[in-house]
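Novice: Below you will find the structure I want to go over with you.
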Amino acid sequence: MGFHDLPLAERLLIARRGTAFFAQRLAELSDTDLDGETLLSGWSRRHLVAHVGYNAAALCRLLDWAATGVETPMYSSAEQRGREIDEGATLSPAALRNLFDHTVARLDEKWRNLPASAWDAQVRTAQGRTVPVSETAWMRTREVWIHAVDLGNGGRFGDFPDVVLESLLTDIVEMWRRRDLGTGLILAVDGREPVAVRPDSPPADKVSGPLAAVVRWAAGRGTVGVGIEGYLQEPPRWL
């Protein structure tokens, strides 16, 4: 069973658990630690915390869209999104932590108060996909669990619920297929049948290991715990 097969209440619970996981990692960082690097090239922890905070605010706009029928995009433009993160990274440590806490509370409130009849309302993501607003549960789940690892202070993909790992891998492979990426790539999770990203292409590279390690590699977070056969070291771009 994948994430999207779960009842909405369970999907929201997993998103909230991910938020708590990120919040725990953030709380363990001193104010000085916020200046440190993340697993994302070019981003400090300040940038990452600002991004996670503003992502919650952007999802709130999609929930407003669903509730009112008035189109409210996640971001006015890619440039506005990048500028917002850069400016957020300059906030004081206290203000940055408050940004995270405040936007998390707003998002949770909007999830709680959205009428049942509105959960199927169609909205548009920042990537241009039209989805039901219930997709915000997965969008936030993906965001907080992965970025908790990106903070670089102890979070691991092995900490994720299996349903999140499995759904992340499905998401990533489907994205590669839509973009015609991953030619010849085989993913072999321990105890499962290998999956060819492009079944119509001859095998050239194989990445194998435990589920958490394969997902970590596929998400572009390193080769720890995987075996690689072939010449491909970096995964195709996902997001």
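The values are calculated or read from the model by the stated rules, or taken from the named source; none is laboratory data. Note that the structure is a prediction, hence the values are computed from the model and not measured. So basically every Cβ, Gly included, is an ideal-geometry build from the backbone, and we count neighbours across all protein chains shown.
Novice: Based on this model, can you work out whether ASP162 counts as crowded, with 16+ Cβ neighbours inside 10 Å, of a type outside the set (Ser, Thr, Tyr) and either assigned by TED's automatic domain parsing to the domain that holds GLU10 or under 23 Å from GLU10 (Cβ atoms) (or both)?
Specialist: Taking the combined requirement at face value, the residue does not satisfy it.
Novice: Evaluate the following for TRP238: is it at pLDDT 95 or above, outside any strand (DSSP E or B) and not assigned by TED's automatic domain parsing to the domain that holds ARG46?
Specialist: no
Quick grid of which residues meet (1) within 17 Å of ALA50 (Cβ to Cβ); (2) among the small types (Gly, Ala, Ser):
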| position | (1), (2) |
| --- | --- |
| SER92 | yes, yes |
| TRP111 | no, no |
| GLY128 | no, yes |
| TRP138 | no, no |
| ARG142 | no, no |
| ASP150 | yes, no |
| GLY154 | no, yes |
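Novice: Right, next: Is it the case that GLY42 is small (Gly, Ala, Ser), over 16 Å from HIS102 (Cα atoms) and either outside any loop (DSSP other than H, G, I, E, B) or out of contact with any strand residue (DSSP E or B) (no Cβ under 6 Å at 6 or more places or on another chain) (or both)?
Specialist: yes
Novice: Taking region 117-144 as the region of interest, how many residues are in a helix (DSSP H, G or I), more than 25 Å from PHE160 (Cα to Cα) and of a type in the set (S, T, N, Q)?
Specialist: So the count comes out to 1.
Novice: Answer yes if at least one residue in region 139-155 is buried (at least 19 other Cβ atoms within 10 Å of the Cβ), out of contact with any helix residue (DSSP H, G or I) (no Cβ under 7 Å at 6 or more places or on another chain) and assigned by TED's automatic domain parsing to the domain that holds LEU59, and no otherwise.
Specialist: yes
Novice: Check whether at least one residue in region 102-116 is on the phi < 0 side of the Ramachandran plot, part of a loop (DSSP other than H, G, I, E, B) and touching a Lys or Arg at 6+ places or on another chain (Cβ under 7 Å), and report yes or no.
Specialist: No: zero hits.
Novice: If you check GLU71 against the conditions, is it charged (D, E, K, R), surrounded by fewer than 16 Cβ atoms within 10 Å (Cβ to Cβ) and more than 27 Å from LEU12 (Cα to Cα)?
Specialist: When the stated conditions are applied, GLU71 does not pass them.
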